[in-house]
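Step one of this worksheet: look at the structure below.
Coordinate-derived values only; no laboratory data. What you see is a predicted model, and the numbers here were worked out from it, not measured in a lab. Cβ sites come from the backbone with ideal geometry, for glycine too, and all protein chains shown count toward neighbours.
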């Protein structure tokens, strides 16, 4: 089991580009207790959004997921990770360019590391993508929670341009692919 908390819950941390998208996707999965937007993998203590966006801190925009392994497995979270973005695109997702938008998995346990490496290798071997997967797999370091206005951004700003034209279609597609794994209130 990949639990690393005394309450039976576990943590997983993923970067798929913009954390607003990543958070919205993971929050919809049954078994996910919370998905918090933030920064990890850099060298500056307590970085701000502006500093991370400037690309000077080394951090990636990512989401720290707290989940119940009895309801959703780490392998299922990895599947969601690899299917929710382009893991072959180095330091960019769509129009978002820079190391802060890199594809990255920050593992919290040796088991998570092994599962992430295996998933990446198997997808590459199977030719799941036209290009090799460039996802970074690194040990979890300090996760810095992003500013309050970034939390639940899509839920709180559905009509904002980026949310309406970029995130909403991605969320709709994701929910169709993962309809069997959605929280009950999201199943139509």
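Brief remarks follow.
- Hey, residue 55 out of contact with any strand residue (DSSP E or B) (no Cβ under 8 Å at 6 or more places or on another chain) and surrounded by fewer than 22 Cβ atoms within 10 Å (Cβ to Cβ) or not: yes
- Scanning region 142-168 for residues that are surrounded by 13 or more Cβ atoms within 10 Å (Cβ to Cβ), without any contact (Cβ under 8 Å) to a residue 24 or more places away in the chain, assigned to a loop (DSSP other than H, G, I, E, B) and out of contact with any helix residue (DSSP H, G or I) (no Cβ under 6 Å at 6 or more places or on another chain) yields 158, 160.
- Scanning region 59-82 for residues that are surrounded by fewer than 16 Cβ atoms within 10 Å (Cβ to Cβ) and touching a helix residue (DSSP H, G or I) at 6+ places or on another chain (Cβ under 7 Å) yields one hit, 75.
- Number of positions in region 90-117 that are closer than 22 Å to residue 177 by Cα and in contact with a helix residue (DSSP H, G or I) (Cβ under 9 Å, 6 or more places away or on another chain): 6
- Filter pass, residue 15 being within 20 Å of residue 168 (Cα to Cα) and buried (at least 23 other Cβ atoms within 10 Å of the Cβ): yes
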